[in-house]
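Nothing in this text is a laboratory measurement; each read-out follows from the coordinates by a stated rule. In this text the structure is predicted, and so the values were computed from the model without any measurement. FYI the Cβ positions are ideal-geometry reconstructions off the backbone, even for glycines, and counts take in every protein chain you see.
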Amino acid sequence: MSKRVRLFGGLVIGLVGISVSPSSPKAADLSYGEEIYDTCAPCHGPFGQGGGGGLYPRLAGMSADYIIRQLDNFKTRQRENIPMIPYTDERDLPEDDVDVVAEYLESIKLMTEMPPANGEVDGLIRLKQAKQVLAIPRHPGNAKEGAKIYAELCVKCHGEKGEGTVKGPLLGGQHIPYLAKQIQSYIDGKRRHLKSKLYFNQHSPEEINSILAYLSLLDD
């Protein structure tokens, strides 16, 4: 699958993978996906980088399959989220649009640091670049211990570096306040996890905090 790299607002400056011309069906789909995503941007950020001080998750670069599953869960109320209800009903987000916006989000590549300014660079461009930099603050806790627990419990579904797999979403580069809230939702039974009781209820708050500390380092 080709990946579209967005570095300057809506300006497409490069592609990773097979070439896609601006007039190709794939490019047209991504452009339409960006248009659909405008509704989501106030909460999830103009580049899908998340918002609300980390309470709204980063969506950029997440697996399209995972995003589709979650949107379907919101639609069917399998995943309760009152703020998402008006944005996921069939009238405002039909099934075809779900696929398109998910592909668009998967295509976005965020930066972890500002690119060098070679020569004179327009200030507006630099401002847009700065907004696209994803910087996860270091979470306090025993990251070394968290890495051990992650390797035992999480790596199979979420990947060696938290990049995500077909079984589970990316965790590296995800906002820690959002992850902490989701873990608590699993513990409280508000969200379903394949092995939530095994993975979370058998670990102390300190151990969970250590996992979060480790995850906060994975975007470095």
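Within the shell defined by Cβ-Cβ distances under 12 Å, the residues around residue 90 carry a net charge of -4, with Lys and Arg each +1 and Asp and Glu each -1. Could you tell me how far the Cα centroid of the range 112-189 sits from the Cα centroid of the range 47-70, in Å? Each part's Cα centre sits 11 Å from the other's.
Relative to the Cα centre, the charge distribution of the range 143-215, modelled as +1 at Lys and Arg Cβ and -1 at Asp and Glu Cβ, gives a dipole magnitude of about 300 debye. FRET efficiency for the residue 142 to residue 99 pair, using the beta carbon distance and R₀ = 41 Å, is estimated at 0.50.
Were the residues from residue 167 through residue 39 laid out at 0.36 nm apart, the gain over their Cα-Cα distance would be 43.3 nm. With the Cα gyration tensor of the range 143-215 giving a ≥ b ≥ c as the square roots of its eigenvalues, does the rule (a/c under 1.5 for rounded; else a/b larger than b/c for prolate; else oblate) give rounded, prolate or oblate? Rounded, because the longest to shortest axis ratio a/c is under 1.5. Among the trypsin sites (Lys or Arg not before Pro) in the range 26-121, those located in a DSSP loop and surrounded by at most 12 other Cβ atoms within 10 Å of their own Cβ are 77, 91. Each residue in 63, 31, 204 was given a count of other beta-carbon atoms within 10 angstrom of its own, and listing them fewest first yields 204, 31, 63.
Net length available on complete extension from residue 81 to residue 127 is 13.3 nm, with 0.36 nm assigned per residue and the Cα-Cα distance removed.
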